[in-house]
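Asker: I'd like to ask some things about the structure below.
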Amino acid sequence: MQKAYFNSPIGVLEICGDESGVCELNFVREFICTEVTDANLKLCLSELESYFKGELKTFKARLNIGGTAFQRCIYENLQKIAYGQRVTYARLAAMAGRPKAFRAAGSANAKNRIPVIVPCHRVVASNGLGGYSGGKGLATKIWLLEHEAKYKD
């Protein structure tokens, strides 16, 4: 597995990938200068740079999404939520074909190992923003939502 680091407006991101694709994006404290040889990781870094500039709406880097079958279904549906849009946990569950499983959809969303790229921040509670476990928590979710709203077509 190879790791790459990216200084973003929401903190330092550690991107982990293997021959199957990006498998993790972690919020870390320290930027580590690394030589990135993997073409897909290089693409991912370039796409993150474009995303944070407001130029990229959809990531193309190959992903290696783990999890249970239900979690993978949730992650696939997260990627269908358009840039700058928001859906509720109930809507996400319905998109996955399990309309009553909104709590399970929320739990799967919270376990997303590739935040930002698999846009779990676009899912909100029916009565507010809900939570966010990455970076600085809710402040990071708000930043991402406001960023996308600013650059939305």
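The values are calculated or read from the model by the stated rules, or taken from the named source; none is laboratory data. Because the structure is predicted, anything quoted here is derived from the model rather than measured. Positions of Cβ are generated from backbone atoms using ideal geometry, with glycine treated the same way; all protein chains shown enter the neighbour counts. Accessible surface areas use protein heavy atoms only, side chains included; no ligands, DNA or RNA. Shrake-Rupley method; radii C 1.70, N 1.55, O 1.52, S 1.80 Å.
Asker: Whole Å is fine, so just give me how far the alpha carbon centre of the range 1-46 lies from that of the range 93-107.
Answerer: Going from one Cα centre to the other spans 30 Å.
Asker: Right, another one. Quote the FRET efficiency, to the nearest 0.05, computed for residue 24 versus residue 152 with a Förster distance R0 of 30 Å and r equal to the Cβ-Cβ distance. Don't jump to the answer; show the numbers that get you there.
Answerer: Details: r = 27 Å, r/R0 = 0.91.
Efficiency for this residue pair is about 0.65.
Asker: For residue 53, give me every one of the aspartates and glutamates with a C-alpha distance below 19 angstrom, ignoring sequence neighbours fewer than eight places off in its own chain.
Answerer: In chain and number order, the partners are 14, 146, 148, 153.
Asker: Relative contact order of the range 2-53: what whole-number percent is it, with Cα pairs under 8 angstrom and at least 6 residues apart?
Answerer: Once normalised by length, the contact order is 35 percent.
Asker: Using Cα pairs under 8 angstrom and six or more residues apart, how large is the relative contact order of the chain, in percent?
Answerer: 20 percent
Asker: Could you rank 152, 60 by how accessible they are, 1.4 Å probe, largest area first? Walk me through the intermediate numbers first.
Answerer: Working: 152 95, 60 150 Å².
Listed by decreasing accessible area, they come as 60, 152.
Asker: For the chain, what are the DSSP H helices with axial Cα length of 18 Å or more and mean Kyte-Doolittle hydropathy of at least -0.5? Show your work: numbers first, answer last.
Answerer: Working: long enough: 39-52 (20 Å, 0.36); 138-151 (20 Å, -0.10).
Counting only whole DSSP H runs, the qualifying helices are 39-52, 138-151.
Asker: While we're on this one: Using the Cα centre of the chain as the reference point, and only Cβ charges (+1 on K/R, -1 on D/E), how large is the resulting charge dipole? Debye, rounded to the nearest 20.
Answerer: Values: 21 positive and 14 negative charges, 167 e Å.
The calculation lands at about 800 debye.
Asker: Once the Cα gyration tensor of the chain is found, what semi-axes does its equivalent ellipsoid get, as square roots of 5 times the eigenvalues, in whole Å, sorted largest first?
Answerer: Working: eigenvalues 123, 62, 37 Å².
Equivalent ellipsoid of the chain: 25, 18, 14 Å, largest first.
Asker: Which residue, 121, 6, 50, has the largest displacement toward the positive end of the dipole of the chain when charges sit on each Cβ (Lys, Arg +1; Asp, Glu -1)?
Answerer: In the chain, that residue is 121.
Asker: Just order 63-72, 113-122, 26-35 by mean Cβ neighbour count inside 10 Å, highest at the front, would you?
Answerer: 113-122, 63-72, 26-35
Asker: Applying 1/(1 + (r/R0)^6) with R0 = 30 Å to the Cβ-Cβ distance of residue 39 and residue 76, what FRET efficiency is obtained, to the nearest 0.05? Show your work: numbers first, answer last.
Answerer: On the way: r = 23 Å, r/R0 = 0.78.
My answer for the efficiency is 0.80.
Asker: Can you give the relative contact order of the range 69-151 as a percent, counting alpha carbon pairs under 8 Å and 6+ residues apart? It would help to have the intermediate numbers written out before the result.
Answerer: On the way: 95 pairs, mean separation 24.4, N = 83.
Worked out over the range 69-151, it gives 29 percent.
Asker: Could you work out [θ]222 nm for the chain from helices alone, using -39500 (n - 2.57) per DSSP H run of at least four and dividing by all its residues? Round to the nearest 500 deg cm²/dmol.
Answerer: Working: 5 runs with 54 residues, N = 153.
About -10500 deg cm²/dmol.
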